[in-house]
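Shown next, in structure tokens, is the structure this report addresses.
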Amino acid sequence: MSLNIEQKKAVVAEVAEQFKAAQAAVLAEYRGLSVAQMTELRKKARQSQVYLRVVKNTLAERAVEGSTFEVLREQFSGPLALAISKDPVAVAKLLSEFAKDNEPLKIRIGAMSGKLMSLDQVQALAKLPSREQLLATLVGTLQAPITKFVRTLNEVPAKFVRTLAAVRDAKGAS
């Protein structure tokens, strides 16, 4: 189904808006995936808050103009799925994990901070902990000294109460 000029402009504007808000983008060749597999990939992308779209290459080239992802401009050839996210780890993890179970999906290249990323770099990014995991670790690290301080403060009155109880028991026994 062919798009008219207004629809093409709307697609370019939508994808360009996603590029402006994103920190990372990954291009993957989806040739050979069934409709069910592609639907599953889209479902997982929504759950991971990753924008996944199959766009004509000429429209994708126009969408990256003026953005930090302009380095991808030369890479748009063949049937590509475009995955864009504010969380660089999420987009890399999504495609890497899906490609393990679905061989036809091939990660071609990625981009982050105006630089291209090879397949190895995308997979290395996928191995990093997610943003939520990193935040939880940070909170645990920040909370540990406070917890220890509170336990130390509680130990002084607790020790006093135990001493009083020992004195009481000693007087009661004699």
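The values are calculated or read from the model by the stated rules, or taken from the named source; none is laboratory data. Not measured: the values here are computed from a predicted model. Here the Cβ is made from the backbone with ideal geometry for all residues, glycine too, and neighbour counts use every protein chain on show.
List the residue pairs whose Cβ atoms are under 8 Å apart, where the first residue sits in the stretch 104-115 and is under 14 Å from GLU74 (Cα atoms) and in contact (Cβ under 8 Å) with a residue 24 or more places away in the chain, the second is outside any strand (DSSP E or B) and of a type in the set (Val, Ile, Thr), and the two are 6 or more positions apart or on different chains.
Going by the 8 Å Cβ cut-off, the qualifying pairs are ILE109/VAL122; GLY110/VAL91; GLY110/VAL122; ALA111/THR68; ALA111/VAL71; GLY114/THR68; GLY114/VAL71; LYS115/VAL71.
Does LYS106 satisfy the condition of being more than 17 Å from the chain's Cα centre (by Cα), assigned by TED's automatic domain parsing to the domain that holds ALA25 and either surrounded by fewer than 23 Cβ atoms within 10 Å (Cβ to Cβ) or of a type in the set (Ser, Thr, Tyr) (or both)?
yes
Could you check the stretch 75-107 and list, in sequence order, the residues that are assigned to a strand (DSSP E or B) and among the small types (Gly, Ala, Ser)?
ALA81, ALA83, SER85
Residue-wise test of (1) over 22 Å from GLU61 (Cβ atoms); (2) in contact with a helix residue (DSSP H, G or I) (Cβ under 7 Å, 6 or more places away or on another chain); (3) β-branched (Val, Ile, Thr).
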{"site": "ASN4", "(1), (2), (3)": "no, no, no"}
{"site": "VAL11", "(1), (2), (3)": "no, yes, yes"}
{"site": "PHE19", "(1), (2), (3)": "no, yes, no"}
{"site": "VAL26", "(1), (2), (3)": "no, yes, yes"}
{"site": "GLU40", "(1), (2), (3)": "yes, no, no"}
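Determine whether VAL54 is at pLDDT 90 or above and surrounded by fewer than 19 Cβ atoms within 10 Å (Cβ to Cβ).
Yes; evaluated as a whole, the condition is true for this residue.
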